[in-house]
Amino acid sequence: MAQINLLPWREEYRLERKKEFLSQLAGVCLLAVGVSFLWIKSVDAQISTQNERNRMLNAEISQLNEQVKEIKTLKKERSELLSRMKVIQALEGTRSIIVHYFDEFTKAIPDGVFITSLSRRGNSFQIEGISESNNRVSTFMRQLDESEWFSDPNLRSVTASPAYGNQASEFKMQLKAVIPDESNDGDK
């Protein structure tokens, strides 16, 4: 039989296959490095784009915060102005009330009663005066009680004062001022 040596051929085939494998491995490694490089660049680009968006959003947020502060300041100024307007309107609305008090007060004073002192603290009036008789003080109190601008007349003291007449007396009275209901004003 003839002897054929297949070893060198197999050895060459193995080396050729090994070279192909190494070249394919090198190609795959280069391809993997290229893909990794592209992926890293893509991620870096996305990160820088997101950072730019974040900077823009932070700038917008700071502008909005400034606008919110400005709006709060304007709201505070508005509420202060509204409260001032309410005070002014209340003062304007109650301006003529003192005239009504004096008008009703003079209508309630009967003949023979003289007022020497009149003071007001809040809604309370302190009255001091001289009367020719106690009946006139009673009439004065009844007329004040019947007035819709006054309530709760309270006689604090009555002392005889013969210097002003036989039955004359000095009195001190306290009463409350009220603002009549507007529904009653339409009935007049």
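All of the numbers you see were taken from the coordinates with simple rules; none came from a lab. The structure presented is a predicted model; accordingly, all values stated were derived computationally and were not measured. Don't worry about glycine lacking a Cβ; one is built from the backbone with ideal geometry, like all the others, and counts go over all protein chains shown.
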Inset, instruction - Springs between alpha-carbon atoms under 10 Å, Gaussian network over the chain: tell me which of Gln174, Gln24, Gln67 tops the mean-square fluctuations. - result: Gln24
Legend entry - Diffusion coefficient, µm² s⁻¹, Stokes-Einstein with Kirkwood Rh over alpha-carbon pairs of segment 97-185 at 4 °C and 1.567 mPa s: 97
Legend entry - Dipole of the chain, positive direction: furthest Cα of Ala32, Met85, Asn135, with charges on the beta-carbon: Ala32
Legend entry - Rounded tilt (10° steps) of 7-93 against the dominant C-alpha axis of the chain: 10
Legend entry - Choice from Asp44, Asp145, Asp111 with maximal GNM fluctuation in the chain (Cα, 10 Å cutoff): Asp44
Legend entry - Label-to-label distance, nm, for residues given as Glu80 and Asn54 (7 Å Cα→Cβ offset): 4.0
Inset, instruction - Please report, in debye to the nearest 20, how large the charge dipole of segment 97-185 is about its Cα centre when each Lys and Arg carries +1 at its beta carbon and each Asp and Glu carries -1 there. - result: 460
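Give a quick list of GluC sites (Glu not before Pro) in segment 98-149 that DSSP marks as loop, anything other than H, G, I, E or B, with at most 16 other Cβ atoms within 10 Å.
Details: sites: Glu104, Glu128, Glu132, Glu146, Glu148; in loops: Glu132, Glu148.
Sites meeting the loop and neighbour criteria: Glu148.
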Inset, instruction - Please give, to one decimal in nm, the separation of the simple spin-label points placed at Lys41 and Ile61, each 7 Å out from Cα toward the Cβ. - result: 3.3
Inset, instruction - Could you tell me how many degrees, from 0 to 90 and to the nearest 10, lie between the Cα long axis of helix 97-108 and the main elongation axis, the longest principal axis, of the Cα atoms of the chain? - result: 20
Legend entry - Relative contact order, percent, segment 97-185 [alpha-carbon distance under 8 Å, six or more residues apart]: 30
Legend entry - For the chain, alpha-carbon Rg over 2.2 N^0.38 Å: 3.25
Legend entry - Farthest toward positive dipole pole in the chain [+1 Lys/Arg, -1 Asp/Glu at C-beta], among Gly165, Ile98, Ile109: Ile98
Inset, instruction - Find how much the distance from Leu22 to Glu146 grows on full extension, using 0.36 nm per residue of separation minus their present alpha carbon separation; answer in nm with one decimal. - result: 32.6 nm
Inset, instruction - Assign unit charges at the C-beta atoms only (+1 for Lys and Arg, -1 for Asp and Glu), then state the dipole size of the chain relative to its Cα centre in Debye, rounded to the nearest 20. - result: 1300
